[in-house]
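The structure appears below as structure tokens.
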Amino acid sequence: MFERTLLERVLHAEDEVGIVRMGLDQQALKQSVLAHLQNMFNVRQGSVMTLPDYGLPDLNDVTNRHRDTFNEIRKSIRYSINQYEPRLKRIKVSHHPDEENPLTMRFEISAQLLLGEESKPITFETRYDGSGRVEVKG
């Protein structure tokens, strides 16, 4: 298992010599997963022709089509991670209202980060603001 995404491995191919034999760097792996989630959550479903379900649905569409917007977004986040981020397992996504800014939707992602044969718990926070931009922190 590699700690970098395919794109990261291609861009830094010279660094890949012997990576299979090296121990995985937990911090580098976490940063790679964080970057991938940030990118994936800022792609709208239907934007990638070869993967029509990649990314998240447009929040306006979810709000207009579903009564339980928070649950639909929570399910979409979990689905996207399950489908496209194999380094995370046992994913749980929960909605946490933001009392300071009620127009921001905040979700917590907890999962197990795979580190070779073992795994470690990891948590990310995802925020959707009024502009449609998604911010992921870990």
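The values are calculated or read from the model by the stated rules, or taken from the named source; none is laboratory data. None of these values were measured; they are calculated from a predicted model. Cβ coordinates were reconstructed from backbone atoms using ideal geometry, including for glycine residues, and neighbour counts include every protein chain displayed.
Data overview
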{"read-out": "Complete set of residues in segment 73-123 that are in contact with a Pro (Cβ under 7 Å, 6 or more places away or on another chain) and loosely packed, with under 12 Cβ neighbours inside 10 Å", "value": "none"}
{"read-out": "Strands (runs of 3 or more DSSP E) contained in segment 43-138 and holding at least 2 residues among the aliphatic types (A, V, I, L, M) and more than 15 Å from the chain's Cα centre (by Cα)", "value": "105-115"}
{"read-out": "Failed condition for Ala35, given (1) surrounded by 14 or more Cβ atoms within 10 Å (Cβ to Cβ); (2) modelled with pLDDT under 85; (3) hydrophobic (A, V, I, L, M, F, W, C); (4) in a helix (DSSP H, G or I)", "value": "(2)"}
